[in-house]
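Everything below concerns the one structure shown next.
The values are calculated or read from the model by the stated rules, or taken from the named source; none is laboratory data. What you see is a predicted model; the values in this text were computed from it and never measured. Counting neighbours? That spans all protein chains shown, and the Cβs are built from the backbone with ideal geometry, glycine included. Surface areas here come from the heavy atoms of the whole protein model, side chains and all, with no ligands, DNA or RNA. Shrake-Rupley method; radii C 1.70, N 1.55, O 1.52, S 1.80 Å.
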Amino acid sequence: MATWTWFHRFGSPPFVYRIAGRCAPWFGAGAVLCIAYGLFGGLVLAPPDYQQKDAFRIVYVHAPAAWLSLSCYTTMAVAAFVGLVWRIKVAHAVASALAPVGASFAFVCLATGSLWGRPMWGTWWEWDARLTSQLILLFLYLGYMALRSAHDDLQRADRASAVLAVVGVVNVPIIHYSVYWWNSLHQGATVMKADKPSMPAEMLVPLLVMFLGFTLFQLWVLCTRLRAEILERERNARWLREEIQEGA
Amino acid sequence: MNQWASFEQFLAMGGYAAYVWPSIGLAVGTLLANVVMARRRHAQALQQALRRLAVNAAGNAP
């Protein structure tokens, strides 16, 4: 019973519009604080790596970008699935709102990885399992957005793009496990693994704070974009009239 | 603890400045661009919705 009321409330555009507006500033403030501290800790306080020296500091933007691109995609696929199965408009709006953020950080992950690979591996790019599967993630995002803009009818755009998002989610575990399944240039996991992370605390703490900051950032942008999506979707609803004309 | 003896050394990044700083710059630039674009999109959607409501209200008036 309680689950269903919850489900119903989060399917209701007015409720989501208001709650997103109320949460956005908090996510934003948290993201700014965490990212500022994480960058300071990673660039100034952390000692250089014994092998990679100061080049390792790229990890403080590369790994959080990778994390954001993957968590965005997973959330997008789950939302698309919910939208497809239960026909909840807000779920499609969530999926659509997440795509540009995820795509831009999939690109940042690839570009910073390239800038890191050049001095460490001696190459900008290698058709290696990790790198190739991450590139496919970027193409999935671009395909998702292209598919949406190809349909004039919003409902058809929602349904078609949702199918792509759900099918493409198989790529997410492939990216994560690619460094174990195939011989890869890319190093294995240092933080997200079962036993203790292989990093001293002065290096690890800023990185974990960056992960938190990027997660809050994702929620911040999601809230803002979701509000825009809801405004565009809810044409003449009465709640909209009350909501935005009061505020204006 | 601060790892750097001087600001010049910090900028030099142990010789990896050409790789580290563009990475940081790209990431920070993308963060900012995402916020700016999302906020602009919301402001535009709000303006459009207000205009639509105004047109409807005018249409409904006797």
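Residues in the stretch B:31-61 that are more than 8 Å from every other protein chain (Cβ to nearest Cβ) and assigned to a helix (DSSP H, G or I): B:Leu32, B:Val36, B:Arg40, B:Ala43, B:Gln47, B:Arg51, B:Ala54, B:Val55, B:Ala57, B:Ala58, B:Gly59, B:Asn60. List the residue pairs whose Cβ atoms are under 8 Å apart, where the first residue sits in the stretch A:41-56 and is over 16 Å from B:Ile24 (Cα atoms) and more than 7 Å from chain B (Cβ to nearest Cβ), the second is surrounded by 17 or more Cβ atoms within 10 Å (Cβ to Cβ) and among the aromatic types (Phe, Trp, Tyr), and the two are 6 or more positions apart or on different chains. The qualifying pairs are A:Asp49/A:Phe56. For the stretch A:57-84, taking the residues that are without any contact (Cβ under 8 Å) to a residue 60 or more places away in the chain and over 23 Å from A:Pro14 (Cβ atoms), the one that is surrounded by the fewest Cβ atoms within 10 Å (Cβ to Cβ) is identified as A:His62. Residue count for the stretch B:13-25 under the criterion of being open to solvent by less than 70 Å² (accessible area, probe 1.4 Å) and more than 9 Å from every other protein chain (Cβ to nearest Cβ): the result is 1. B:Val28: open to solvent by less than 90 Å² (accessible area, probe 1.4 Å), part of a helix (DSSP H, G or I), out of contact with any Cys (no Cβ under 7 Å at 6 or more places or on another chain) and more than 19 Å from A:Ile230 (Cα to Cα), yes or no? The answer is yes for B:Val28. Hey, among A:Leu154, A:Leu147, A:Leu135, which residue is closer than 27 Å to A:Phe15 by Cα, hydrophobic (A, V, I, L, M, F, W, C) and either within 14 Å of another protein chain (Cβ to nearest Cβ) or in contact (Cβ under 8 Å) with a residue 12 or more places away in the chain (or both)? The conditions single out A:Leu154.
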